[in-house]
1. How many residues does the range 22-40 hold that are over 25 Å from Leu236 (Cβ atoms) and either part of a strand (DSSP E or B) or touching a residue at least 40 places away in the same chain (Cβ under 8 Å) (or both)?
2. Return only the number of the condition from (1) buried (at least 17 other Cβ atoms within 10 Å of the Cβ); (2) modelled with pLDDT under 95; (3) closer than 24 Å to Ser72 by Cβ that Thr152 does not satisfy.
3. Report every pair of residues separated by at least 6 positions or lying on different chains whose Cβ atoms are under 8 Å apart, first residue within the range 229-254 and touching a residue at least 24 places away in the same chain (Cβ under 8 Å) and among the acidic types (Asp, Glu), second in a strand (DSSP E or B) and crowded, with 24+ Cβ neighbours inside 10 Å.
4. Those residues that are surrounded by fewer than 24 Cβ atoms within 10 Å (Cβ to Cβ) and in a loop (DSSP other than H, G, I, E, B), I need them from the range 211-222; list them, please.
5. Could you tell me whether the range 50-62 includes any residue that is in a strand (DSSP E or B) and at pLDDT below 95?
6. For the range 154-190, give me each residue that is assigned to a helix (DSSP H, G or I) and of a type in the set (A, V, I, L, M, F, W, C).
7. What number of residues within the range 113-126 satisfy the criterion of being surrounded by 14 or more Cβ atoms within 10 Å (Cβ to Cβ) and either over 19 Å from the mean Cα position of the chain (by Cα) or of a type outside the set (Val, Ile, Thr) (or both)?
8. For Glu143, state whether it is among the acidic types (Asp, Glu), surrounded by 15 or more Cβ atoms within 10 Å (Cβ to Cβ) and more than 15 Å from the chain's Cα centre (by Cα).
Amino acid sequence: MLPEVILRPYFRFAEIVGRGGEGWVLVMSYNIRHGLGCDGVLDLERIAAVIESVSPDVVGLNEVDVRFHRRSGWADQLGWLSRRLKMASCFGPTLRRRHGGLPSGGYGNGLLTRDPILRHHHLTFSMKVGEPRGILVADLEREGRTVRLVVTHLGLTPVMRRRQVEALRGLCREWTGPMVVMGDWNVTPEQPEVTRLSPWLTDALSFCGVTGGTYPCLRPRKRIDYIFCSSHFRILEASVVSVEDCPSDHLPVKCLLDWSKDEAGSGIMGTNRRAERDGGGRSRSRLSG
């Protein structure tokens, strides 16, 4: 039985925001592969257009270049997206590099938000073999509440993923306020890297019964991209975002959240499970993008 989901079409979101829209927040997660599309064309404007079409309040980004490589023209991709979309940003590099006279650059996770960022920090995980990974943690204030946003890109090996998930579990234990976690997990929803977060966080797309894939973009066979939230939020709807031209090798995901009736939250995942238990419905989001 699928959980009951409150269905509110996305085209009304801007309308709601225009009227004040207290409590509503639209979240997006996108692995942009430094703007390199499946057609071999690097075009960051296409990435910006996809984000703009969703009009999110928060965007978690993976595989962002900031003055990192000739492949992206040594551009500050996060800074460019921040200016282009008029959103605040912060960066969590997992690889660092300095080129010529440019300021130090890097490659890793990024965050865009319409609310001011109060503070942020980045955890890095290195291995003897393979690409380092990281967890970007940022706090922002929204409607008088401090919300913790987390962006990560789990590793390709079980050992690395385990280390990252244990760090995420530690963050969940330490932080009892509202939390949203975004990113490319490199595993599908039934894997332990996802289920081990369930005491604290809900996978928004699974909650809404979404079965569509996010990777690879041209023929998405599996979902490896996620948005999780704490029990301080109600999940109103969620979907995989449809895109044209495949400006990355991943499809983005999005979800619409509201404050739960129990605004204090429990610190452990409760509200969304209660909605599933008490609703007893079979509704699911029909949104495709």
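The values are calculated or read from the model by the stated rules, or taken from the named source; none is laboratory data. Fair warning: this is a prediction, and the values are worked out from it, not measured in the lab. Positions of Cβ are generated from backbone atoms using ideal geometry, with glycine treated the same way; all protein chains shown enter the neighbour counts.
1. Applying the first criterion (over 25 Å from Leu236 (Cβ atoms)) to the range 22-40 yields 32-40.
Within this subset, residues satisfying the condition of being either part of a strand (DSSP E or B) or touching a residue at least 40 places away in the same chain (Cβ under 8 Å) (or both) are 32-39.
Qualifying residue count, the range 22-40: 8.
2. For Thr152, the failing item is (2).
3. Cβ pairs passing all conditions: Glu237/Cys255; Glu237/Leu256; Asp249/Asn31.
4. Residues of the range 211-222 surrounded by fewer than 24 Cβ atoms within 10 Å (Cβ to Cβ): 211-213, 215-222.
Correct list: Thr211, Gly212, Gly213, Pro216, Cys217, Leu218, Arg219, Pro220, Arg221.
5. So in the range 50-62, the residues in a strand (DSSP E or B) come out as 58-62.
Subsequent filtering for residues that are at pLDDT below 95 retains none.
Within the range 50-62, not a single residue is in a strand (DSSP E or B) and at pLDDT below 95.
6. Going through the range 154-190, the residues assigned to a helix (DSSP H, G or I) turn out to be 158-174.
Once the filter is applied, which keeps residues that are assigned to a helix (DSSP H, G or I) and of a type in the set (A, V, I, L, M, F, W, C), the range 154-190 yields Val159, Met160, Val165, Ala167, Leu168, Leu171, Cys172.
7. To start, the set of residues in the range 113-126 that are surrounded by 14 or more Cβ atoms within 10 Å (Cβ to Cβ) comprises 113-115, 117, 120, 122-125.
Restricting the remaining residues to those that are either over 19 Å from the mean Cα position of the chain (by Cα) or of a type outside the set (Val, Ile, Thr) (or both) gives 114-115, 120, 122-123, 125.
Going through the range 113-126 one residue at a time, the tally reaches 6.
8. Working: among the acidic types (Asp, Glu): yes; surrounded by 15 or more Cβ atoms within 10 Å (Cβ to Cβ): no; more than 15 Å from the chain's Cα centre (by Cα): yes.
The answer is no for Glu143.
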